[in-house]
Amino acid sequence: MCLSTVYRNKLVPESVIMKNVMRIECKDGCVILTDLMERQMAIEGTLEMANLVDGVAVIKEAVV
């Protein structure tokens, strides 16, 4: 099973959004994250990068 840590805008420890993410969906300008416990979080923005070997992803947050 591949689980990832998702970051906001850059890959630095202080920008972690969610850990143990098992599903990432992009829908209607939002990135929807679901973790191992089925908790969900929606972030307005786009998926900028996902490295499944290292278990990381970066979401570029929409500027409001």
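Contact annotation: residue pairs with Cβ atoms under 9 Å, 6 or more positions apart or on different chains, pairing a residue in the stretch 50-64 that is over 10 Å from residue 7 (Cβ atoms) and open to solvent by 60 Å² or more (accessible area, probe 1.4 Å) with a partner that is modelled with pLDDT under 95 and in a loop (DSSP other than H, G, I, E, B), are 52/2; 53/2.
Can you pull out the residues in the stretch 23-47 that are open to solvent by 80 Å² or more (accessible area, probe 1.4 Å) and under 11 Å from residue 61 (Cβ atoms)? Passing the criteria: 44, 46.
Residues that are modelled with pLDDT of 95 or more and touching a Gly at 6+ places or on another chain (Cβ under 8 Å) are absent from the stretch 15-23. With respect to (1) outside any strand (DSSP E or B); (2) surrounded by 11 or more Cβ atoms within 10 Å (Cβ to Cβ); (3) in contact with an Asp or Glu (Cβ under 9 Å, 6 or more places away or on another chain), the lone exception for residue 20 is condition (1). Scanning the stretch 4-17 for residues that are of a type outside the set (S, T, N, Q) and either in contact (Cβ under 8 Å) with a residue 60 or more places away in the chain or surrounded by 15 or more Cβ atoms within 10 Å (Cβ to Cβ) (or both) yields 6, 7, 8, 11, 17.
Within the stretch 29-53, work out how many residues are at pLDDT 95 or above and assigned to a loop (DSSP other than H, G, I, E, B).
Pass one, the stretch 29-53, residues at pLDDT 95 or above: 30-51.
Still in the running and assigned to a loop (DSSP other than H, G, I, E, B): 36-39.
Residues that pass the stated criteria total 4.
The values are calculated or read from the model by the stated rules, or taken from the named source; none is laboratory data. Treat the numbers as computed from the prediction; the structure is a model and nothing was measured. In this analysis, Cβ positions are derived from the backbone assuming ideal geometry, glycine residues included, and neighbour counts consider all displayed protein chains. Ligands, DNA and RNA are stripped out before the accessible areas are found, and what is left, the full protein with its side chains, is counted by its heavy atoms. Shrake-Rupley method; radii C 1.70, N 1.55, O 1.52, S 1.80 Å.
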